[in-house]
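The values are calculated or read from the model by the stated rules, or taken from the named source; none is laboratory data. As the structure is a computational prediction, the values presented were derived from the model and not from experiment. A quick note on method: Cβ atoms are made from the backbone with ideal geometry, for glycine too, and the neighbour counts reach across all protein chains shown. Ligands, DNA and RNA are excluded from the accessible area calculation, which covers all protein heavy atoms including side chains. Shrake-Rupley method; radii C 1.70, N 1.55, O 1.52, S 1.80 Å.
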Amino acid sequence: MADGAATPPPRDERSVGELVFDVAEKSSSLVREEIELAKTEVSEKVGSLLRGSAVGVAAGVFAFLALILVMEGVAWLLAEEVFDGNAWPGFFVEAAVFLLIAAGAGFAAYRAVQAGSPPVPAQAIEEAKLTKATLESSAKAGGE
C-alpha cells in the first residue's frame, strides 16, 4: 500500500452485548460529568451574584446616608432662605414632600399588586384547556 490508501481500522472482536454495555457505561459517565459541570457553573454564578449583591447593598446604604445629609441641608436651606431662620418649618415642608412621594409610591404599589393578583398562570391554564379540547375532539372523531 505504497499509494497512501488508508488501511481499514482493526476489527473489534467484542460482542454486541459488550458494546452496548460499554456505550451505556460511557453514557452514564458522560451524564455524571455534565452534572458536575452544571453544579460548578451554578455555584460560580451564585457566588458572583452574592458578591454583586453585597456590593449593591453597601452602595445603597451609602446612598441612603448621603440622602439623609442632603435632606438635612435642604431643610436648613429652607430655614435660612424662606422661613427667616426658623428651622422647624423647613423640616415640616420636607416631611410633607416625603409623605406625598410615599403616598404616590404606595398607590403605584397597590395598583401593581391588584394587577398581579391572584397569581394564577392564566396562559398555562388556557393552553391546557385548548389541549384538552383538541384531544377530546380527536377522540370523538376517532370513535365515530
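Helix 87-116 versus the longest principal axis of the chain: what angle, 0 to 90°, nearest 10, using Cα atoms?
So the inclination is approximately 30 degrees.
Counting only protein heavy atoms and using a 1.4 Å probe, what share of the accessible area of the chain belongs to carbon plus sulfur, as a whole percent?
Details: 8450 of 12300 Å².
Solvent-exposed carbon and sulfur of the chain make up 69 percent of the total.
Candidates (i) 386; (ii) 174; (iii) 117; which is the computed volume of the Cα convex hull per residue in Å³?
(i)
Residues with beta-carbon under 14 Å from that of TRP88, excluding TRP88: net charge, scoring Lys, Arg +1 and Asp, Glu -1? Provide the component values of the computation, followed by the final result.
Values: positive: none; negative: GLU72, GLU80, ASP84, GLU94.
Net of charged neighbours comes to -4.
What does the charge count near LYS39 come to, summing +1 for each Lys or Arg and -1 for each Asp or Glu among other residues with Cβ under 14 Å from its Cβ? Before the final figure, lay out each step's value.
Working: positive: ARG32, LYS45; negative: GLU33, GLU34, GLU36, GLU41, GLU44.
Its environment carries a net charge of -3.
Averaged per residue, what accessible area in Å² does the chain show with a 1.4 Å probe, protein chains only?
Working: 12300 Å² over 144 residues.
So the chain comes to 85 Å² accessible per residue, rounded to a whole number.
Per DSSP helix of 4 or more residues, -39500 (n - 2.57); summed, then divided by the residues of the chain. What does that give at 222 nm, rounded to the nearest 500? Could you put the intermediate results ahead of the total?
Values: 3 runs with 118 residues, N = 144.
Here the helix-only value at 222 nm equals -30500 deg cm²/dmol.
Students often forget the sequence filter, so: which lysines lie under 24 Å Cα-Cα from LYS132 once same-chain residues fewer than 8 apart are removed?
Those lysines meeting the cut-off are LYS140.
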